[in-house]
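Student: Dropping the structure in here first, questions after.
The values are calculated or read from the model by the stated rules, or taken from the named source; none is laboratory data. Note that this is a predicted model, so its numbers are computed, not measured. With ideal geometry, Cβ positions are generated from the backbone for all residues, glycine too; neighbour counts draw on all protein chains shown. Keep in mind that these areas ignore ligands, DNA and RNA; they rest on the heavy atoms of the full protein, side chains included. Shrake-Rupley method; radii C 1.70, N 1.55, O 1.52, S 1.80 Å.
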Amino acid sequence: MPRHPRATSTSAAPAPRCSVGSTPASTTACSSSASRTPTASARPRPASTLSSRAWPGWGSTPTSRWSTSRTTCRTTSLPPRTWWPGASCVIPLDEQERRHAAGAPSVVRYRVPREDGNVEFADVVYGEQSIDPHELDDFVLLRTDGSPLYMLSVVCDDIAMRVTHVVRGQDHLSNTPKQILLYQALDATVPTFAHLPLIMAPGGEKLSKRKHGDVVSVTTYRDRGFLPDALVNYLALLGWSPGDGDEQEVFTRAELIERFSLERVGRSNAKFMFTAGDPRNWTDPKALSINSTWIRNMPLDELLPHVEAALRAEGLWDSAFAGERAEWYRATVELIRERFWTLRDFVEQGAAYFSDRVTFEPAAVAKNLGREPKLAAALPALAERLAGLASFDLESVEATVRAVADEHELKHGAVITGLRTAVSGQAVGPSAFELCVAIGQERVVRRLRESPALVRGAG
RNA sequence: GGCCCCAUAGUCCAGUGGUUAGGAUGCGGGCCUUUCAAGCCUGAGGCACGGGUUCAAUUCCCGUUGGGGCUACCA
């Protein structure tokens, strides 16, 4: 049998079928034969419901008996199950009859076999496990209403789906022995288990949807401009590495499929660093970093569709970008992606390139326009000079900018940075001259003509 | 309380019975320059503690401490 799900099955071994995650496809899959809604007329359940291991159990409230047991074993510091030799679980038959006659609702509980030795299995990640069944509770299989619990459902679903490899979080490691017992009770083949280390929140607790909200949701990453491959790349690195002195960190999906192996997955939990509410570090900085690496370095042709989708979603897409302006579009994306971190940057900062929409960053305006009042006159003057340019290319734009700066007795840098902000709204970005050429003569001229209001407003 | 798992910089990962303990990210400084969440260079920062085993432990063993998980008529 292949040791992990991505291994290629070479021989007659069946192709691995994986159960990834922990939610059964159906919580009622197993209930058909075993569950009946108890009624006053229901006959006592035979002890043989499940390999002579399932028993009816009563309690005035679902957990009353267990609460007592917990208290007992805590105060006596006994192993949890020693007080439970079966006596309080196995109710005498006549008592069962009496309770059923009285219509007392019951659950069906699995009686753990404690005389057959330890439950053993080899976890692909955590290694050999051997659990003393005395540590295991007699757990409930069916609720009072006959519906199955998770423990039974996963096992039944995975058997039904012929799952060969179960890959899930380490929080299920302790439940695995119970499930193995169920596989055996049902006379089914026990699958191979691989438990993965957990991803913890910055505070150290288990990361959860309930407590941590959107950061745990993949759709959040999609909506906030992550490339699918970049997310997968980052996640793969949480707990796994190629090893053998190989320090590569950027992996394509194909490389991951080729090189990933469960055997090289570590056993210690990872902390997922993020700062809720911080627009810059809303998720782990390393995840952001890998996403930016992808955006900057992936083949342009593979990035383009993602940018297009983002622009379309914001109403910034122009069919000309795929037609007569295709070349310009490609060059522009290539120019601006160098400093971008997520796909959102293409619609936020990028809007200034693809449309008439410019978002002026207040800090940028204050820094590059607000500190030099003379720009209120210089920038419009520059606008007219640029408007008169027959060829709006890098060299002529630069020459014009420098000339206008001299004429207004301004430092070149002041005009250049002011120009960048007046035209793109940003304090950072590509070379101001390249930026102008990319945005185009008409828009640059128009934005410069409108800039005095910004200069005065900021000053 | 019981059982299980884990332990290398802030974080994510390599690594070795003898190494200047490596990379990434983040942070500091410098360079470049018209800007920097860009690029280049550079700096600080780590083997949790205590016992063993050994000529020699970050590495192997035990314990301690610390962290996490499970222990539901949740999944």
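Student: Take A:Gln441 and A:Lys411, extend 7 Å from each Cα along the Cα→Cβ direction, and tell me the distance between the two endpoints in nm.
Tutor: Computed distance between label sites A:Gln441 and A:Lys411 equals 3.2 nm.
Student: May I pose another question? Listed highest first by mean packing, meaning other Cβ atoms within 10 Å per residue, what order do A:152-160, A:123-131, A:272-280 come in?
Tutor: A:152-160, A:123-131, A:272-280
Student: Can you figure out the FRET efficiency of A:Val232 with A:Arg98, using R₀ = 56 Å and their beta-carbon distance, to the nearest 0.05?
Tutor: 0.40
Student: Quick one: order A:Phe340, A:Phe392 from most to least accessible surface, probe 1.4 Å.
Tutor: A:Phe392, A:Phe340
Student: Quick check: residue separation of A:Glu128 and A:His172 times 0.36 nm, minus the Cα distance between them. What number comes out in nm?
Tutor: Gain on stretching A:Glu128 to A:His172: 14.3 nm.
Student: Over region A:358-458, what is the mean sequence separation of C-alpha contacts under 8 Å (at least six apart), divided by residue count, expressed as relative contact order in percent?
Tutor: 47 percent.
Student: Still on this structure, please answer the following. Using a Förster distance of 51 angstrom, determine the FRET efficiency expected from the C-beta separation of A:Glu205 and A:Ser355, and round it to 0.05.
Tutor: Here the calculated transfer efficiency is 0.70.
Student: Between A:Glu450 and A:Thr189, what is the spin-label point distance in nm, taking each point 7 Å from the Cα along the Cα→C-beta axis?
Tutor: 6.8 nm
Student: Between A:Glu314 and A:Thr219, what is the label-point separation in nm under the 7 Å Cα-to-beta-carbon projection?
Tutor: 2.2 nm
Student: Now, a different point. For A:Lys411, give me every one of the aspartates and glutamates with a C-alpha distance below 16 angstrom, ignoring sequence neighbours fewer than eight places off in its own chain.
Tutor: Within reach: A:Glu372, A:Glu398.
Student: Run the reach check for A:Lys206 against lysines, Cα to Cα strictly under 21 Å, same-chain hits fewer than 8 apart removed. What comes back?
Tutor: Partners within reach: A:Lys271, A:Lys286.
Student: Post the alpha-carbon centroid distance, region A:266-297 to region A:186-227, in whole angstrom.
Tutor: Rounded to whole Å, the Cα centres lie 15 Å apart.
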